[in-house]
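The values are calculated or read from the model by the stated rules, or taken from the named source; none is laboratory data. All values derive from a computational prediction rather than experimental measurement. So basically every Cβ, Gly included, is an ideal-geometry build from the backbone, and we count neighbours across all protein chains shown.
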Amino acid sequence: MNQAEGIRTVPYSRQAEQSVLGAVLFDPEQVSAVAGALREDDFYLQATREVYCAMMDLYHVGKPIDAVVLQDQLIQRGSLDAIGGLTYLSELAAGVPTTENLHYYIKIVKDKSTLRKLLTAAGEIQNMCLAETEEVSVVLDAAEQKIFDILQNKDTRDFITVGEVIPKTFEMLAKLAQEGGSVTGISTGLADLDKMTAGLHNSDLILIAARPAVGKSTLALNIAQYAASRGKIPTAFFALEMSKEQLVSRLLCSEALVDASKMKVGNLDANDWERLNKAAGVYYNAPFYMDDTASISINEIRSKCKRLKQEKNLGLVVIDYLQLMEGRRSESRQQEVSEISRALKLMAKELNVPVIALSQLSRAPEQRSEHRPMLSDLRESGSIEQDADIVMFLYRDEVYNENTEERNVAECIIAKHRSGSTGTVKMCFLGQFTKFCDLERQNG
């Protein structure tokens, strides 16, 4: 194989790279579009890369971009002769008679650049595999991260004007007015909670935090099963500490109102079986998708959710729970959890779905007289509080006070709500049925 043949095996487009630069020389006002979409390493050819860099030098200091000024800048950079001199610049300008197709040229250059980055990542992954010096889990994590980094760079968006967004905003407002309801997002199935939150909204990261055995997994499962069965919303539930059989048992228990202790030992009567069969019918074809992979990484979750979004139009993601997820090895677990929570928020925005993440609280609430959780209890968990759009704490007084008058009552403390009010919603907690419900409904 000769050198020319070797170069042709690398993904790039000489014509597209030259056309992008030629378009700027033809119409210098197009430089902002190029600067916002492409970087130096997106250009494969040394000549086009040098011209791009010289253009950016001029653009960043506000100098005009034409063949004469650009020639002078290339002389200062010591690269004019290397690219072919003024003749090359003249050929660039003459090669593009219009800028009408500039966005197509940019896309071609960007796509070829992404393919080259994938090739580089693939080579690095291959080397790690052949070296066999790391645990397989470490290699997998590194491989996922390399692909994830490429995707993150590829998914950047340009500015958009208010005028371009207004039509869609009015369309959304008209739809809400037509529906005439107070719930503008995905209903939780709990009327009082919906009144406080207006439902769960796309691109939001919702954190449900509590001490162990308070009911956070139950609340998350109740919300997910309501969304999937009643709202027909494709829902992904990642159970990191339960098996899929345990998850389905809880789901059926909640729907059928069969005592969980009876289900655990199989002590079921005819009425219980009838209820369970009816509950099974509700969920048999419901768009409820489970994954019980233990110690799953954020990259794995993102990949699976992205595929489910494409195939089933995913509408809700639930993760139980955040601290059990694997992240990149960092200096501290706090930093690792911070990276995970930030990645979850980015995933919520990318997929445009609500993401519910459960979080285990430290012992801090138990070490003070006021046991109700507060935002400061999250500070040991990195940037979770900053990343979340809604922070919900669960509290049950009967866990701490056996003489309480509020038995079977849970408080959902909305401590942070980026787009609404905060406050406390009291709910009925039916632990034997792994179910939350509205207090008025229970009392009624």
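Cβ-Cβ contacts under 7 Å between residues 6 or more apart (or on different chains), taken from a first residue in segment 237-249 that is closer than 21 Å to CYS305 by Cβ to a second residue that is crowded, with 18+ Cβ neighbours inside 10 Å and small (Gly, Ala, Ser), are listed as PHE237/ALA224; LEU247/ALA239.
Looking only at segment 406-425, residues that are assigned to a strand (DSSP E or B) and either among the acidic types (Asp, Glu) or loosely packed, with under 13 Cβ neighbours inside 10 Å (or both) come to 2 in all.
Considering only residues in segment 89-116 that are hydroxyl-bearing (Ser, Thr, Tyr) and closer than 13 Å to TYR52 by Cβ, the one that is nearest to the chain's Cα centre (by Cα) turns out to be SER113. Can VAL425 be described as in contact with a Leu (Cβ under 8 Å, 6 or more places away or on another chain) and more than 22 Å from SER203 (Cβ to Cβ)? Yes; evaluated as a whole, the condition is true for this residue. In segment 391-405, of all residues being outside any loop (DSSP other than H, G, I, E, B) and out of contact with any Leu (no Cβ under 9 Å at 6 or more places or on another chain), the one that is farthest from GLY199 (Cα to Cα) corresponds to TYR400.
One residue stands out among those in segment 181-208 that are modelled with pLDDT of 85 or more and hydroxyl-bearing (Ser, Thr, Tyr): the one that is farthest from ARG230 (Cα to Cα), which is SER203.
For segment 219-258, enumerate the residues that are of a type in the set (Val, Ile, Thr) and modelled with pLDDT of 90 or more. Of everything in segment 219-258, those that are of a type in the set (Val, Ile, Thr) and modelled with pLDDT of 90 or more turn out to be ILE223, ILE233, THR235.
I'd like to know if segment 163-180 contains one or more residues that are under 30 Å from TYR52 (Cβ atoms), outside any helix (DSSP H, G or I) and either modelled with pLDDT of 80 or more or not acidic (Asp, Glu) (or both). The answer is no, given that none of the residues of segment 163-180 is under 30 Å from TYR52 (Cβ atoms), outside any helix (DSSP H, G or I) and either modelled with pLDDT of 80 or more or not acidic (Asp, Glu) (or both). For segment 65-76, the criterion of a residue being surrounded by fewer than 12 Cβ atoms within 10 Å (Cβ to Cβ), more than 37 Å from the chain's Cα centre (by Cα) and hydrophobic (A, V, I, L, M, F, W, C) is satisfied by at least one position. Does LEU86 satisfy being without any contact (Cβ under 8 Å) to a residue 60 or more places away in the chain, surrounded by 14 or more Cβ atoms within 10 Å (Cβ to Cβ) and farther than 13 Å from VAL34 by Cα? Yes. Answer yes or no: is there a residue in segment 130-153 that is at pLDDT 85 or above and either within 29 Å of ASP27 (Cα to Cα) or surrounded by 16 or more Cβ atoms within 10 Å (Cβ to Cβ) (or both). No, that holds for no residue. Among the residues examined, LEU207 does not qualify as of a type in the set (A, V, I, L, M, F, W, C) and in a loop (DSSP other than H, G, I, E, B).
Quick check, is VAL248 in the same structural domain as LEU351 (by TED's automatic domain parsing) and either out of contact with any Leu (no Cβ under 7 Å at 6 or more places or on another chain) or surrounded by fewer than 16 Cβ atoms within 10 Å (Cβ to Cβ) (or both)? Yes: the conditions hold for VAL248.
If you take the residues in segment 318-352 that are among the basic types (Lys, Arg) and more than 18 Å from LEU240 (Cβ to Cβ), which one is modelled with the lowest pLDDT? Among residues in segment 318-352 that are among the basic types (Lys, Arg) and more than 18 Å from LEU240 (Cβ to Cβ), the one modelled with the lowest pLDDT is ARG329. Among the residues of segment 219-245, those identified as under 24 Å from SER297 (Cα atoms), surrounded by fewer than 23 Cβ atoms within 10 Å (Cβ to Cβ) and not hydrophobic (A, V, I, L, M, F, W, C) are PRO234, GLU241, SER243, LYS244, GLU245.
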